[in-house]
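Colleague: Take a look at this one; I'll ask things after.
The values are calculated or read from the model by the stated rules, or taken from the named source; none is laboratory data. Just so you know, these numbers come straight off a predicted model, no measurement behind them. All Cβ positions, even for glycine, are placed from backbone atoms using ideal geometry, and neighbour counts span all protein chains on display. These accessible areas exclude ligands, DNA and RNA; they are computed on the full protein's heavy atoms, side chains included. Shrake-Rupley method; radii C 1.70, N 1.55, O 1.52, S 1.80 Å.
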Amino acid sequence: MRPISRRAVMGGLGTSAVALGTGFYLSRPHQPAALENRDEIPGPLRMAWAHGRYEPMLALGENGLFAEHGLHLTEVSTEDDLQSIDLLSPPNPVDIVVAPLLDWIPAFYRPNIAPPPAKLVCSIRTGYYRVVVQRNRRINKIADLRGKTIGITSFHGADRRFLSIRLRRKFMHPTTDVTWVELPASEMAQAFIEGRIDAFVLHDDASWRVLKAVGKRGWNMLDSMTGLARNRVDLVLGIADTTLQKYPQLAKRLAFSFLAAQHAYKGQIDALIKDWSARPDAPPDLAGMLRRQTGGTVLTNDLLRVQVAQDVDEFKLIKQIPGTTHASEIAAALTYKV
């Protein structure tokens, strides 16, 4: 594992008064007037967001909230989240990347690959992962997946990590107690219907499409939208180190714009559903998908570091980060104070 620089976390990982105060301060809608330097107009900036086509928080930003906060963002197309993170490095780096924590953290620990030259600034929302299983194979809980075949789109993606951590919590080995089968999302439903896989794990909107395609043959046994997982952030925004140095107020502008999107979400969801339903590639029952999701969850500073540290501890469970490392120190090293 490639080591990364460390620095201590002020205030620890508890729900301290500082953390609560920061959370309250950044939980209220803000306007650009709250910024220390309103003359700093960053951009245009390049942003990589691999799966943002049906992401409400991105749509609300593009529908005016980015502009209101002095942001001019240009999207860069990428195939997956790891490719987005890799674009932070030369020769043609992007300024901003939005990707799951389950992809961000391992990217800082890849052997023989330099860590991303960036800091994590704020969360965007919680996760949209789903584990769908064959209804007729008596798979009623995680332990029932032992010996089963599970479809994934990538051996090295966040979907597999999401389920691997939960398998490990049930004292199962995530590489020897189940069989993983890599398939394109477009082939997942057919493999499921034909019985070649017992289950699949994907994130929305792909997971919703496949769930609808398999119909009554499958059921959503586990997801990250219910239970304790509903409160865990997943999608996180990172900014390149050089961009942070050039635009000191950029982190606040982005955090404020997504906070505004978080507050606007409930009032705008019907308009998003109407707009997106007209697209030729819209997921079936788009309203059902969006209303099950949690909307925005924007955390910064100590509150974000707490959740990063929790994910670091879970990566230690599946042996992707050395067990001797201190989660709080890693969380402090990876995040940026807004």
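Colleague: Any chance you could tell me what percent of the C-alpha pair distances in the chain go past 27 Å?
Modeller: 45 percent
Colleague: Would you work out the relative contact order for region 175-293, in percent, from Cα pairs under 8 angstrom that are 6 or more residues apart?
Modeller: Reported relative contact order: 22 percent.
Colleague: Tell me the relative contact order for the chain as a rounded percent, counting alpha carbon contacts under 8 Å between residues six or more apart.
Modeller: Across the chain, relative contact order equals 29 percent.
Colleague: Within region 110-213, list the chymotrypsin sites (Phe, Trp or Tyr not before Pro) lying in a DSSP loop whose Cβ has at most 16 other Cβ atoms in a 10 Å radius.
Modeller: 155, 171
Colleague: If you wrap a convex hull around the Cα atoms of region 76-140, how much volume per residue is inside, in Å³?
Modeller: Given the Cα convex hull of region 76-140, per-residue volume reads 145 Å³.
Colleague: Just the projected area, averaged over all directions, of the convex hull on the alpha carbon atoms of region 208-338: how many nm²?
Modeller: 11.0 nm²
Colleague: For labels at residue 219 and residue 277 in the simple 7 Å Cα→Cβ model, what's the distance in nm?
Modeller: 2.8 nm
Colleague: Using DSSP to call loops (not H, G, I, E or B), can you name the trypsin sites (Lys or Arg not before Pro) in region 194-228 whose Cβ has at most 15 other Cβ atoms within 10 angstrom?
Modeller: Those that pass, being in a loop and sparsely packed, are 196.
Colleague: With bins 5 Å wide starting at 0, give me the P(r) of region 128-206 over every alpha carbon pair, in whole percents.
Modeller: Each 5 Å bin holds this share of Cα pairs: 3, 16, 31, 27, 18, 4, 0.
Colleague: If I histogram all Cα-Cα distances within region 108-150 using bins 10 Å wide from 0, what percent of pairs lands in each bin?
Modeller: Final binned percentages: 18, 25, 22, 27, 6.
Colleague: Oh, and also: Name the residue farthest towards the positive end of the dipole of the chain from the options 315, 154, 93, assuming +1 on Cβ of Lys and Arg, -1 on Cβ of Asp and Glu, about the Cα centre.
Modeller: Ranked along the dipole, the leading option is 315.
Colleague: Determine the dipole magnitude for region 201-262: charges of +1 sit on the beta-carbon of Lys and Arg, -1 on that of Asp and Glu, nothing else is charged, the reference point is the Cα centre, and the result goes in debye to the nearest 20.
Modeller: Dipole of region 201-262, to the nearest 20 debye: 160 debye.
Colleague: Largest first and in whole Å, what are the equivalent-ellipsoid semi-axes of region 54-202 based on the Cα gyration tensor, each being the root of 5 times an eigenvalue?
Modeller: 33, 19, 14
Colleague: Another one. I'd like the Karplus ³J(HN,Hα) series for region 138-147: coefficients 6.51, -1.76, 1.60, θ = phi - 60°, whole numbers in Hz, and an x wherever there's a Gly or Pro.
Modeller: 6, 9, 10, 8, 4, 4, 6, 7, 4, x
Colleague: Right, next: Would you mind computing Rg(Cα) / (2.2 N^0.38 Å) for region 134-265, counting N as its residues?
Modeller: 1.30
Colleague: Tell me which of 104, 254, 76 sits at the most positive position along the dipole axis of the chain, charges placed on C-beta atoms (Lys, Arg +1; Asp, Glu -1).
Modeller: 104
Colleague: Short version: ³J(HN,Hα) in whole Hz for each residue of region 89-95, in order, from phi by Karplus 6.51 cos²θ - 1.76 cosθ + 1.60 (θ = phi - 60°), x for Gly and Pro, what are they?
Modeller: Values, residue by residue: 9, x, x, 10, x, 8, 8 Hz.
Colleague: Express the accessible area of the chain per residue in Å², computed with a 1.4 Å probe while the remaining protein chains stay in the model.
Modeller: 45 Å²
Colleague: Explain nothing, just the number: dipole magnitude of region 86-175 about its Cα centre with +1 on each Lys and Arg Cβ and -1 on each Asp and Glu Cβ, in debye rounded to the nearest 20.
Modeller: For region 86-175, the charge dipole is close to 840 debye.
Colleague: Then there is this: Sorted by packing (mean other beta-carbon atoms within 10 Å per residue), highest first, where do 287-294, 223-230 land?
Modeller: 287-294, 223-230
Colleague: Tell me which residues come under 5 Å, amide H to amide H, from residue 108 once H is placed; ignore anything under 5 positions away on its chain.
Modeller: It is none; the list stays empty.
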